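Below you'll find the structure, written out as structure tokens, and then a few comments.
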Amino acid sequence: MQTSVENIWSKTRKLSRLEKMELVEKLVHQLRIEETSLPGPLNWEQMYGIGKGLWNIDAQAYVDKIREDRC
């Protein structure tokens, strides 16, 4: 029997690259909301480069695409 995470993981494999990136953004957003109860500020310098290799699209092209989808 699959766990919830395994079930979700198997379903995400069917998503397009853009849909996967959108899902990651939503998960990160939710985690940021949940972490507001954590003590102390985030050290953004430690996070520099953490997403390298995850984004196989030009950043400006991605932003442009997201903006087009909202119109």
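The values are calculated or read from the model by the stated rules, or taken from the named source; none is laboratory data. All values reported here derive from a predicted model rather than from experimental measurement. Virtual Cβ from ideal backbone geometry, glycine too; neighbours counted across all protein chains shown.
Figure legend. Inter-residue proximity from the stretch 19-35: first residues surrounded by 11 or more Cβ atoms within 10 Å (Cβ to Cβ), second residues part of a helix (DSSP H, G or I) and modelled with pLDDT of 90 or more, beta-carbon distance below 7 Å, spacing 6+ or different chains. Indicated pairs: 20/12; 23/12. Residue 12 meets all of the listed conditions (1) in contact (Cβ under 8 Å) with a residue 24 or more places away in the chain; (2) in contact with a Leu (Cβ under 7 Å, 6 or more places away or on another chain) but one, namely (1). Restricting the first member to the stretch 38-60 and to residues that are under 20 Å from residue 16 (Cβ atoms), and the second to residues that are part of a helix (DSSP H, G or I) and basic (Lys, Arg), the beta-carbon pairs closer than 9 Å and six or more apart or on different chains are 56/17; 57/17; 57/65.
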